[in-house]
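Peer 1: Before I ask anything, here is the structure I am working with.
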Amino acid sequence: MFWFGRLYVALHVGVIALVACFGQSTLFYKIMEGEGSVGFWCVLALAVVSSVGVADVFINDLLPRRFELQFVKRHRHFLLMALAIGPLSMAFVIAKRVDWSVLHVSLALPIIGATTLAVVDVYSRGREK
């Protein structure tokens with residue numbers, strides 16, 4: 001249910017991690033580089049959570065039922081909240097370094113989307129029982 005929204009949010013967060021890691025002329029990269037090892041671990045965690053989100057969609061929603069990951073499916077709301085917390089933490093780092101930036105607007109979409117999807121996921125699973 002809502003697999004396309006979850007795929008979009010996971011890919012959006014993955015693109016943020018890629019830009020922060022490899023976009024050497026971008027503000028994301030410069031800020032994360034300026035944070036040193038903390039910035040590196042933040043981007044790495046973002047990439048891992050994004051990869052798990054994409055894998056969740058492909059395995060649990062697009063492949064046949066015999067390939068389900070029950071643990072991930074049962075705790076999907078935690079994954080979605082991690083997809084929201086990652087860009088939120090980057091927004092705090094950016095605010096600390098450059099105050100308000102248009103980057104905050106680009107980070108707001110996956111934060112709001114992932115949070116909304118987590119609430120919808122919990123609500124829909126509660127109604128199924």
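Peer 1: Any residue that is in a helix (DSSP H, G or I), farther than 21 Å from Ala47 by Cα and among the hydrophobic types (A, V, I, L, M, F, W, C) - is there at least one of those in the stretch 97-110? Write out each step before concluding.
Peer 2: First, the residues of the stretch 97-110 that are in a helix (DSSP H, G or I): 97-98, 103-110.
The next check asks that each one be farther than 21 Å from Ala47 by Cα; those that pass are 97-98.
From what is left, the residues that are among the hydrophobic types (A, V, I, L, M, F, W, C) are 98.
Yes, because at least one residue in the stretch 97-110 is in a helix (DSSP H, G or I), farther than 21 Å from Ala47 by Cα and among the hydrophobic types (A, V, I, L, M, F, W, C).
Peer 1: Within the stretch 92-112, which residues are open to solvent by less than 20 Å² (accessible area, probe 1.4 Å) and under 13 Å from the mean Cα position of the chain (by Cα)?
Peer 2: Residues of the stretch 92-112 open to solvent by less than 20 Å² (accessible area, probe 1.4 Å): 94, 101, 107, 110.
Scanning the stretch 92-112 gives Leu107, Pro110.
The values are calculated or read from the model by the stated rules, or taken from the named source; none is laboratory data. It should be emphasised that the depicted structure is a prediction, and the values quoted were computed from it without experimental measurement. To get the accessible areas, we keep the full protein, side chains included, count just its heavy atoms, and leave off ligands, DNA and RNA. Shrake-Rupley method; radii C 1.70, N 1.55, O 1.52, S 1.80 Å.
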